[in-house]
Every structure is written in structure tokens, then in C-alpha cells.
1. Can you list the DSSP H helices in the chain whose Cα atoms extend at least 30 Å along the helix axis and whose mean Kyte-Doolittle hydropathy is -0.5 or higher?
2. Kindly count the pairs of lysines across segment 465-553 whose alpha carbons are less than 27 Å apart, treating pairs on different chains or eight or more residues apart as eligible.
3. Please state the shape class of segment 112-169: rounded when a/c is under 1.5, otherwise prolate if a/b exceeds b/c and oblate if not, all from the C-alpha gyration tensor.
4. Given only helices, namely DSSP H runs of n ≥ 4 each adding -39500 (n - 2.57), what is the per-residue ellipticity at 222 nm of the chain, to the nearest 500 deg cm²/dmol?
5. Per residue, how much accessible area does segment 465-553 show when a 1.4 Å probe rolls over the protein heavy atoms, in square angstrom?
6. Among Gly339, Val284, Gly30, whose Cα sits farthest toward the positive end of the charge dipole of the chain (+1 at Cβ of Lys/Arg, -1 at Cβ of Asp/Glu, about the Cα centre)?
7. For Glu486 paired with Ser112, estimate the spin-label separation in nm (one decimal), with each label point 7 Å from Cα along the Cα-to-Cβ line.
8. Starting with the highest mean, order 379-388, 540-549 by the number of other Cβ atoms within 10 Å, averaged over the residues of each peptide.
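The values are calculated or read from the model by the stated rules, or taken from the named source; none is laboratory data. If you're wondering where the values come from, they're calculated on a predicted model, not measured in any experiment. Here Cβ is always computed from backbone atoms with ideal geometry, including for glycine, and neighbour counts include all displayed protein chains. Heads up: the accessible areas ignore ligands, DNA and RNA and are worked out on the full protein's heavy atoms, side chains in. Shrake-Rupley method; radii C 1.70, N 1.55, O 1.52, S 1.80 Å.
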Amino acid sequence: MASKDNKDTAEDAKRKFKEGEMRENPIARGLKLLAGMDTDHAFEENGKGFNKIDTELGHALANKETLTYEELKTAKTILRKYKAQLGANLYLEVINFTPSKKSDKEKQENMSAIYKTRFNLDGFHYAEFSDDGQFRFLKYRYSSFEVVDSVEVPDPEDPEKEYTVVPAPQIAQTKKDRILQEEETEPVKFPGKPQRYDSEYGLFNEIRGFIHTYVELRPDDEIVLSLYTLKAILFDALKDSSFPFVHMIAPYGKGKSRLLTVLCELTPYGFYAIDIKSAPLKRVSELYKVILFVDEKGQMDQETSAIINAKYNRNSIVLNASTEIQSGFSSIIGYSIYGPMLLAGREPFKDDAIESKSLQINMDYPLNREDIPRKIKGKIYEAYIAKARELRSKLLQFRINWHDKINNVQPSEFLKKYEDKTEPRLFEVISFFEDLIEIIPEIKPEITKVLEDQIIRNVEVARGTPNGIIAETVLSKIDSGEDQCEYTINGKAHTGIYLTSIYEDIGENYKQRAGRILSALGIKTDRPRVEFTRKTQDRMETYKKKISVVRIPDDKKLNELKSRYDPEYMKAILSSIFKAQQAIVDEQDEQDEQRGTPHKKK
């Protein structure tokens, strides 16, 4: 051990180490600390530095510029003996340090690799697929493609350096699972080799048939989900600012989880999750650009709202504070998680602004079909997986066929009739399928009812939110003429509804929020002096009193509220649209008959 005469030298070495060597790993730091105190190589015993057994090897390891994996393991074993000399903090770092088998060269090679599933480069599109278990890229444009294993891209900051873009590996529980191929599950549903299909309408019917085989749904909902699947495979190719999500609502036991599982299995890059707020989910969404399926999504809070908005809005990102902030590096990380999402839950979100961004699937109805398998296992499971993989391959071909054409499809005139009659956000949702309606014109006879059902469902869900409950109460008071008064503000006459009467109808749960919600709805409140009449002992007298009222809005605002929160109003509007369309068809028929050329109905 080091002698007492060398005390100052040892202390200087310790101080120099702490100030100058903090960037090394804790094993190297520990070795240099002990070697700095052990200047006489354990010639005398005084409790400083290495002991006689460790001193030769300890100094040899401390003097090396780099340590191999085996040397790090050996050094860690040695350092465990010197807890008091290392100090509590450094000792804890040493104990928790896990040596890596990778060399510096290997680490550098890893850092130059970029993992991707889909990207664009030099006018070509790349999409990852599973080629009999090996992940590769399809390089394609204008419906033709070739297969590549990786792509070299130059470093924009260093022309002499290149990065290699490689397919992202499947998510696996352990490395052993990948080596031994023992993990049969596919967390991310990669497509196989592209497979041709007969027609877009034929592919649509195959998807619908697969859903119908395993889940009991209304026919309209089968159509919505089949179209959504087709659109989802192209989401990153679309020049669009938003992508609606699907919200499946039903009580326990109605098949929500089965439906999510089936849809995820047939969807390329599908990913099934049970926690929308899981931190790794943000990374998975960004790396794999997954189509996200979330079971039992929970209730709305600030984080859930942020994630849903980031999925819906192309320009939104989810921010995380980096753990490297203490090291002086960039402290903020932004995750782009935009894209398709299907949520299942037992009740709507209590926020109609969120619900208005969704297509609604209501599964609260009796289940009567007996041809649906109770369990998907054995031969049924094998057929189910095989067909799902076939559909993923065909959907990849659909992506190849339409990636460069989808944004050139002319907007459908078919939906124009709804534009002026529905709330703007709602029209944005129902017009989501306008390009597919033109790509698959065969669905036009069915799609009218589907879209109109979506309009009514969306309004019904909005009516059940806090905003909807208060809006419906105001509209009801206006229609009945109850609890109203006349008043004047700045010489202008208004009609209002007593705010106390609205409190009585909405109950205590919403009373505290009523003012904020009325403001959000664009409904004004006033506190005028209102004239009342009261009876005294011998006569009636009038008096004025300040009272809070809800000002009845103009007709434009009323129609806006009704189109968002009044299902019966929207049913009447849709009926009038149908009658107007039918009148046009009848007139065309009459004109054609007069010419002797019968009109052919579409």
C-alpha cells in the first residue's frame, strides 16, 4: 500500500482525477483513483490504494487507454472490494455499470446505421416488408418496384461520411427470440411480398369479408372500417393536414377487443397497444410509423388529448424532456406520431372537440350471429393468420399502385351536397373518403347511407358531452319559450334565458363549468336590469332587478349549434338533401322521357 510520506501526492492524484477524468466510464475512473493513491504499489499497508493481491493487475488496467469486455468485467470484480475508498457515489456507479461486448468500432458502425420502415429518397419511395422472415425494402415509384437490402445516404455535414438506412427490426422480447426464432408473435404487422389483387373493389370486398367472418358489425360499419384500412396504408403519402381516428364505443362483452385484434392483424404496420400514454409508444409510432390500435383507451386528460391531437394533426409533435439536459446537450426531443389510430372504450370522451375528429363505431347492440368463431384457435387460427398476411401483402401492392396517384384524384362532387349543411369539422371527417369514392365508384350506392349514419352518430355522441348537454338545454329553452325575458343593452333589444333555469336543468355536475362552456359555444351571457311585476297588498307594481341571462343567439349561431348537437335537426336536413337530389333525378327522368331517351339512374 502507499506510504504516509506520499499522502500529499495521493490527494493531488485524487483531485486531478476528479477534475480531469469525469467523462470516462466508472470502471476506468475507479481504477485511476485507486492507482493514483497507490504510488508505492502496496509496499506498505496503510489502507490507501490497491492491496498486494490486486496492485499489479490494478495498475496495469489503470494504465490502459481502452479496456476490453473481459478486462472491464475483471476490473469491476476488483473494485467491489474498495467501497470506502471509492466513495458511495462512484461505488454505486461501478456496481450498476454493465460492460459492453461491442468494440468502439462496432459502436461507431451502429451509430452510422439509421433504422426506418418507410421513407422517400431521390424521388423513390421505400417500404419495409418481410421477405420470408428477412426484412428488406421495396424501392418503388409509379407502380414499379425492386427489392433492396439497405440504402446509403451521405452525411449532409460531412460529404466523406455515409449513413446506411436499414430496415427496422421486429420488436422482440429478447435477443434470444430473434436468434432462435422462438417468438412467433408479430408486434408490428409487417407486410409480406406485394401480391396482386383483381381490382380495388375486389380488395375492398376481401377486407370487408375478413372483418365479417370474425366480428359481428352493422354493414355500414364494415364499410367504414374497410375504407379506413385502405386509406391508412397510404396515410404518409397523403398531402393532407389531418387524419381522423376511429372511435369504437361499447360496453363490456360486445367484441371491441376482437374487432381491434382482427383489424390490426390485416393492416400493414398495425400495432396493438393497451396504453395510449406509454412513453415507448411514442418511439414506436415514430420509428415504425405504425397504424395504432388502442384497447380500453381510458378517460381524457391533458396527456391523452395531446397524443390524440398529435395523431390527428400532421403538424403536431409530442415533446419530451431529454435525460441529457444535465449533461448540457439538447434538452427537448420531439416525436412526430401523426397517423391512423383506432381507439376502443366503453364511453365517449367528455370532449366533443376530440370526438369531432373521429369516425364513430357504436357496438352497443344485441349479438345474434352464430357463424362467428367463439375462439380463434387451431385450424381456424391458421386460416385467420394466413388470410391476414395475404391481405397485408395485397394492401402493400395497393400502396405501390396509388402512392404517386392518390393526391391527383379529383375531389368527389358526390359529397358537395353535405358541405353547407354540416358543421365544418364534421364535414372534414365525412369527406375523408372522397378520394376512395372516386377510386372505387362501385361503393357509391352504399356510401350515402354510411356517411349519413356517421353524421347522426357524431352528433349523438357530441350531444352527450358537457358542451352538448348545455347546448341542448339552451336549444330546448329557446324552442319552448320558457324562462325567457326581454331586455335592452346600449339601446339594443335582446331576448334571454334566465341562467338559474339552465342551472336547474343541467344539475350540479355542470353548474360550475356552465359559464366557461357557454363561452366556448359562442353563446353570450349578460347581466341586465330586467323588469318584473309583483303583487302588493292592494295593487300590482313593477320593479327592476339585475339578473344573469343567456342571450339567445342569432339564427346563424342557432343553426350551427343544432347541426352539432341536435340529431333530429340533422335528420331533417339530411332528408331535405335527399328530397332535393331526388327532385333533380325526377326532373331528368321527365326530360329524358319527353326526348324518348329514358334516364339511366346511377
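1. Answer set is 378-402.
2. Lysine pairs meeting the criterion: 21.
3. Verdict is oblate for segment 112-169.
4. Estimated from H runs of four or more residues: -13500 deg cm²/dmol.
5. Details: 5490 Å² over 89 residues.
Per-residue value: 62 Å².
6. Gly30
7. For the pair Glu486/Ser112, the computed spacing is 8.6 nm.
8. So the peptides 379-388, 540-549, ranked by packing, come out 379-388, 540-549.
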